[in-house]
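The values are calculated or read from the model by the stated rules, or taken from the named source; none is laboratory data. Nothing here was measured: the structure is a model prediction, and the numbers come from that model. Cβ placement follows ideal geometry from the backbone for every residue including glycine, while neighbour counts extend to all protein chains displayed.
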């Protein structure tokens, strides 16, 4: 059964950050040009499938002390030792990101440079593999880049996602801006903490590069499953 504790206003910190991230994309989902709400039948299965994998990952990393959550900044509802807000993360962030992705398909429909991004993907694949190999003693680094190498390699060499590369990368780079802001607030407020013994230690603003790779994989899994379901009119 979920554990519930007496709450103060600060206990809503993580929840408010998730709700704040979600509110604008949720409202804009009804915008007449994009009509993102009509895509939920493809998005929800993609989010659920991906969330299962990431929840298992999170639970194990919490058990190992690779990252921790501040009990004073969550509402105190825990499922499988993860705060409820962390479960929401795996739905809020993909929803917001794929909303941007679909918006770009409408507003930048003529902009497409797949060959450039195929080359970028191959370079990134090599970098991911090298990081996994050379930093295999650091669990967060190794596990993140190893899984990313496997899944990204599969996507690249299947070659069915190529026509979506341009929008995928544009969405990823655009999404990094709000993600860095939210992550910066979470880090400065102390919502969560990475164990620095398990990361390389390189940061972009407040995010360790493993967090960025983690987000890259989260988005990649969601969007590839989402597109797979759309093509088959699930």
So if I check each of 95, 14, 105, which one is in contact (Cβ under 8 Å) with a residue 12 or more places away in the chain, within 21 Å of the chain's Cα centre (by Cα) and farther than 29 Å from residue 228 by Cβ? 14
Which numbered condition in (1) touching a helix residue (DSSP H, G or I) at 6+ places or on another chain (Cβ under 7 Å); (2) at pLDDT below 95; (3) in a helix (DSSP H, G or I); (4) over 30 Å from residue 20 (Cβ atoms) is the only one that residue 112 fails? (3)
Checking residue 158 against (1) in contact (Cβ under 8 Å) with a residue 12 or more places away in the chain; (2) more than 29 Å from residue 20 (Cβ to Cβ): exactly one of these is not met. Which one? (1)
Across segment 55-72, what is the total count of residues that are surrounded by 21 or more Cβ atoms within 10 Å (Cβ to Cβ) and assigned to a helix (DSSP H, G or I)? 1
Kindly check whether there is at least one residue in segment 136-149 that is out of contact with any helix residue (DSSP H, G or I) (no Cβ under 9 Å at 6 or more places or on another chain) and assigned to a helix (DSSP H, G or I). no
If you check 118, 123, 92, 182, which single one turns out to be farther than 28 Å from residue 44 by Cβ, assigned to a helix (DSSP H, G or I) and touching a helix residue (DSSP H, G or I) at 6+ places or on another chain (Cβ under 9 Å)? 118
Complete set of residues in segment 36-54 that are within 21 Å of residue 67 (Cβ to Cβ) and touching a residue at least 24 places away in the same chain (Cβ under 8 Å): 50, 51, 53, 54
State which residue is farthest from residue 18 (Cα to Cα) when the search covers only segment 177-190 and only residues that are buried (at least 18 other Cβ atoms within 10 Å of the Cβ) and out of contact with any strand residue (DSSP E or B) (no Cβ under 7 Å at 6 or more places or on another chain). 187
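Does residue 216 satisfy being closer than 18 Å to residue 58 by Cβ and without any contact (Cβ under 8 Å) to a residue 12 or more places away in the chain?
Considered against the rule, which asks whether it is closer than 18 Å to residue 58 by Cβ and without any contact (Cβ under 8 Å) to a residue 12 or more places away in the chain, residue 216 comes out as no.
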All positions within segment 193-207 that are surrounded by 20 or more Cβ atoms within 10 Å (Cβ to Cβ) and either in contact (Cβ under 8 Å) with a residue 40 or more places away in the chain or farther than 18 Å from residue 68 by Cα (or both): 198, 199
